[in-house]
1. What full-extension length gain, to one decimal in nm, is calculated for residue 291 and residue 361 as 0.36 nm per residue of separation minus the Cα-Cα distance?
2. When 386, 287 are ordered from fewest to most other Cβ atoms inside 10 Å of their Cβ, what list results?
3. What ratio of Cα Rg to 2.2 N^0.38 Å holds for the range 18-143?
4. With an 8 Å Cα cut-off and a minimum separation of 6 or more residues, compute the relative contact order for the range 62-283 in percent.
5. Please work out which option in (i) 0.98; (ii) 1.20; (iii) 1.10 gives Cα Rg over 2.2 N^0.38 Å calculated from these coordinates, and answer with its label.
6. Looking at the chain, send over the antiparallel percent of its DSSP beta bridges, to the nearest 5.
7. Working out 0.36 nm times the residue gap between residue 216 and residue 166, then minus their Cα-Cα distance, what length gain in nm do you get to one decimal?
8. Can you give the Rg to Rh ratio of the range 113-184, both from alpha-carbon atoms, with Rh computed by the Kirkwood formula?
């Protein structure tokens with residue numbers, strides 16, 4: 001019996017474990033979460049093989065996660081902000097030196113506009129276009145663009161203008177910035193657009209299915225949080241409808257009803273129309289870019305996580321995307337979260353085998369953030385011990 005017990009221990013010490021968490025927002029980056037998990041696992045299995053793959057779902061933190069996962073770099077660029085003022089933005093270049101990852105919110109995001117100045121009739125995606133231009137100047141031929149958190153409602157018109165498109169009114173005058181100006185659009189001149197766009201691949205990380213216009217469109221659903229009144233919403237919706245009509249006539253593309261075309265104030269539709277972009281769930285793009293599936297091959301266990309797991313997690317969040325990938329390979333999945341909210345148990349129906357919160361005693365949010373490294377490490381160790389116990393019992397029954 002002792003010989004069999006030692007054999008089981010030896011085998012588990014050779015385990016291959018893949019760590020694929022999202023960031024814990026406001027606390028640790030995904031890479032830092034990986035490092036904390038690894039510390040906890042080393043306390044239990046010092047010789048385990050661990051592969052860290054920092055993850056994201058296309059929203060805030062995607063640039064940092066992909067740069068960390070691929071050994072890339074962050075590039076800082078001065079651009080035009082949503083109100084036309086200079087802002088310091090950034091994008092990432094992945095380890096292949098050919099793929100750029102951009103969060104449109106870094107240049108055109110809602111936090112860049114003070115609440116008292118929010119008006120989606122005049123905010124622009126021009127700065128997002130400047131980030132794309134900067135990536136092209138660095139030799140990038142593939143763009144991954146996260147399109148959440150926008151302050152804009154211009155259908156990507158400002159982005160297009162930054163890349164050399166000319167959007168003109170009946171008198172041939174270039175349109176002013178903002179969504180309201182689109183109602184004056186008569187012609188889109190693409191002769192001067194950046195020629196490199198013809199050979200660049202564009203993938204947009206999009207986790208909403210809103211069409212461009214209508215009651216579920218960009219203006220009606222997301223306009224209010226950007227400062228739009230009911231009157232503004234009607235004006236902006238009509239302006240985007242007009243933009244879609246002109247695009248259809250100029251390019252032969254109807255973007256009105258495509259799911260996701262209304263994301264980021266219509267930027268989803270603009271990326272399709274002006275850059276030939278494709279919309280995909282953010283976590284799927286990140287899984288592909290990090291080669292997560294390939295790194296999982298031969299793994300005994302996958303550990304994922306995010307700041308909060310609840311009923312919303314099953315809708316395109318990192319743990320579920322990671323779990324789906326692992327389950328295709330028959331690998332068990334554990335999840336660690338800062339907290340478990342209402343509906344967290346739904347994750348069990350989507351491939352998560354076990355999950356735990358890092359909180360084990362009463363504490364404030366500030367305390368949890370300050371102690372996040374140790375809390376995550378301790379949780380990883382506890383989860384692994386439970387997993388090994390179950391594995392050991394299963395092996396013992398098999399041997400009987």
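Where a number appears in this text, it was derived from the coordinates with a stated rule and is not lab data. Please read these numbers as outputs of a predicted model, since none were measured by experiment. Glycine gets a Cβ as well: all are built from the backbone with ideal geometry, and neighbour counts include every protein chain shown.
1. Numbers: separation 70, 0.36 × 70 = 25.20 nm, distance 3.71 nm.
Full extension from residue 291 to residue 361 adds 21.5 nm.
2. Details: 386 13, 287 22.
Neighbour counts put them in this order, fewest first: 386, 287.
3. Details: Rg = 17.3 Å, N = 126, 2.2 N^0.38 = 13.8 Å.
The range 18-143 yields a ratio of 1.25.
4. On the way: 573 pairs, mean separation 42.9, N = 222.
This gives 19 percent for the range 62-283.
5. Only one option fits the structure, namely (iii).
6. On the way: 16 of 47 bridges.
Taking every DSSP beta bridge with both residues in the chain, the antiparallel ones total about 35 percent.
7. Details: separation 50, 0.36 × 50 = 18.00 nm, distance 2.89 nm.
Separation in residues times 0.36 nm, less the Cα-Cα distance, equals 15.1 nm.
8. On the way: Rg = 13.4 Å, Rh = 13.2 Å.
Here the Rg-to-Rh quotient is 1.02.
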